[in-house]
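Following: one structure in structure tokens, then a few remarks.
The numbers here are math on the coordinates, done by the rules we state, and not lab data. Only a predicted model underlies this, so the values are computations on that prediction, with no experimental measurement involved. Methodologically, a virtual Cβ is constructed for each residue, glycine included, from the backbone with ideal geometry; neighbour enumeration extends over all protein chains shown.
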Amino acid sequence: MTKGLLSVDEALEVLLAGARPVTEIEQVPTLLACGRVLARAQTSAMDVPPMDNSAMDGYAVRTADVRSPETRLRIVQRIVAGAVGEPLAPGTAARIFTGAPIPPGADAVVMQEFCAADGDAVVIKKVPKPGDWIRRTGSDVRKGAVVLAAGKRLAPQDTGLAASVGIGTLPVYRRVRLGLFFTGDELVMPGDPLPPGKIYNSNRFTLTGLARVFDCEVRDYGIVPDTLEATRGALRRAAGECDIIVTSGGVSVGEADFVKPAVEAEGSLLMWRIAMKPGRPLAFGRVGGAAFIGLPGNPVSSFVTFLVFVRPFLLKTQGVAEVAPRAIEARADFEWPEPDARREFLRVKWNSQGGLDLYPTQDSAVLTSTAWADGLVDNPPNRVIRRGDPVRFLPYSELYR
Ligand code: AMP
Ligand code: MG
């Protein structure tokens, strides 16, 4: 460990131990459950498919009737999806369409490409085997099987699966209310003119967007001036309305940094200097019923520290079972000859050769790097990277889930 600094993992351990998962559960229509976190495992009360059915447009036959090619069978029924056929008499065939139930007695479907219709008869060109082109009852889901695990954030395909077993509503945890405010006398909102000395409040957009990616109910308390009173006031308001308060800026120990004294006055606080780059200062505490995480103001630092710290904290609070992001071992197509003594999160992009390119400027004030990138390389302290080396890659696609 770098002297006087806390490692990312040490900080994460303290942070996650302090997360209080929401316990309130609401029953929501399956159609509206995407992005929500499932509170209880879901079991299927039925087999899917619920009946043997045809996987093709063609003819349902008894294989015992079709011993050789060019067998001719009388077509005695026509079964479309949604209908129910009659038992199939020996020596006959049923015209059948994809998804239609297999009539009792039939044990195979011959796809229409291997059949020739001839008036009210069909000539079967290919000898079928029992079971051909039949989707069996329960071959997708067995009655009693668990289809969705508790603690899963529901993706579109999960809600589709729930619907396929007839589940019309799902128990999910209530949404986490995440409050945001942005400290800094220099901040101005885009759309307003930019007076000398000011900059636009980009963190509002990055952090609001991230909070939405994780399906939070966002409360935005806007730009807070660099005074103790204003910072305390914003904290009090947010604490009364939110589960988690996330702020940017004001966590260094400069003269204009009021987050520390404000949180200490309104609640309790741990101030950390973390052995990571970007993003050294981080504040963690509580104000009333709300957890507090103070991120650094630098746009890249607040983005990266949100992904590294707020993300798992938030996921745990939301009731998500798996909070660690999945990393991929990928090939560096760049050199990193002078690594830092702190763990670094480098902005990289996937190239068409399946390797990673490095954004040329890794400065924590250069937000372009984050928008250019596809993710972060998580580089251990002092690890030199040579072209071709395997590195630990955290794609945004994994960090955003
Ligand atoms: P601070 O952590 O308050 O010392 O801020 C560090 C740097 O980040 C300074 O250059 C700030 O101007 C900049 N910064 C702080 N907050 C924001 C914000 N909301 N949007 C863009 N830049 C910011
Ligand atoms: Mg500031």
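Of note:
- Considering only 131, 184, 151, the mean-square fluctuation computed in a Gaussian network model of the chain, springs between alpha carbons under 10 angstrom, is largest for 131.
- Look at the dipole of the chain built from charges on Cβ: of 166, 31, 355, the Cα furthest out on the positive end belongs to 166.
- Remark on residue 270: its backbone amide H falls under 5 Å from those of 284, 285, a criterion applied only to residues 5 or more positions apart or on other chains, H modelled at 1.01 Å from N.
- Rg over Rh for region 93-232 works out to 1.38, both radii taken from alpha-carbon positions and Rh defined as the Kirkwood radius.
- Positive-end extreme of charge dipole, region 71-208 - chosen from 81, 183, 130 (charges on Cβ): 130
- In degrees, nearest ten, helix 228-241 long axis to first principal axis of the chain (Cα): 30 degrees
- Under 13 Å from residue 349, Cα to Cα: aspartates and glutamates that are on another chain or at least 8 residues apart: 333, 357, 374
- Per-residue 3J(HN,Hα) values for region 84-93, derived from phi via the Karplus relation 6.51 cos²θ - 1.76 cosθ + 1.60 with θ = phi - 60°, read 10, x, 8, x, 8, 6, x, x, 10, 10 Hz in sequence order (x marks Gly and Pro).
- DSSP bridge orientation in the chain - percent antiparallel, rounded to nearest 5: 65 percent
- Phi angles of region 283-297 translate, via the Karplus equation with coefficients 6.51, -1.76, 1.60 and θ = phi - 60°, into HN-Hα couplings of 10, 9, x, 9, 10, x, x, 9, 7, 10, 10, x, 9, x, x Hz per residue; Gly and Pro are given as x.
- Sequence-distant aspartates and glutamates (8 or more away, or on other chains) whose Cα lies within less than 14 Å of residue 125: 65, 70, 113
- Per residue, the average separation of C-alpha pairs within less than 8 Å and at least 6 apart gives the chain a relative contact order of 16 percent.
- A straight line joining the Cα centroids of region 113-140 and region 52-67 runs 3 Å.
- From largest to smallest, the equivalent ellipsoid semi-axes obtained for region 1-142 from the alpha-carbon gyration tensor read 56, 18, 12 Å.
- Convex hull of alpha carbon positions in the chain: directionally averaged projected area 27.1 nm².
- Size of electric dipole in region 105-188: Cβ of Lys, Arg +1 and of Asp, Glu -1, about Cα centre, debye, nearest 20: 480 debye
- Looking at region 215-369, the DSSP beta bridges with both ends there are about 60 percent antiparallel.
- Lys, Arg +1 and Asp, Glu -1 on Cβ, resulting dipole of region 180-327 about Cα centre, debye, nearest 20: 480 debye
- Using Cβ point charges alone (K and R +1, D and E -1), the dipole size of region 145-232 about the Cα centre works out to roughly 420 debye.
- In this rough spin-label picture, where each label sits 7 Å from Cα along the Cβ direction, the residue 335-residue 80 distance is 7.0 nm.
- Max mean-square fluctuation residue, GNM over the chain, Cα-Cα springs under 10 Å, options 370, 63, 361: 63
- Nearby aspartates and glutamates by direct alpha-carbon distance to residue 198 (threshold 19 angstrom, same-chain neighbours under 8 apart not counted): 185, 186, 226, 255, 257
- 5 angstrom amide H check on residue 169, placed H, neighbours 5+ away: 30
- The alpha carbons of region 177-326 give a radius of gyration and a Dmax of 14.4, 48 Å, in that order.
- For the chain, the mean residue ellipticity at 222 nm estimated from helices alone is -5500 deg cm²/dmol, where every DSSP H run of n ≥ 4 contributes -39500 (n - 2.57) and the total is divided by all residues, rounded to the nearest 500.
- Given the chain, longest segment not containing exposed loop GluC sites (Glu not before Pro) (DSSP; at most 14 other Cβ within 10 Å): 71-254
- Note on region 339-360 and region 217-270: Cα centroid distance 33 Å, given to the nearest whole angstrom.
- Of the trypsin sites (Lys or Arg not before Pro) found in region 232-332, the ones in coil according to DSSP and having at most 14 other Cβ atoms within 10 Å of their Cβ are 326.
- For residue 36, the residues 5 or more places off, or on other chains, whose built amide H falls under 5 Å of its own are 154.
- In nm, spacing of pseudo-spin labels at residue 198 and residue 155 (7 Å Cα→C-beta vector): 4.3 nm
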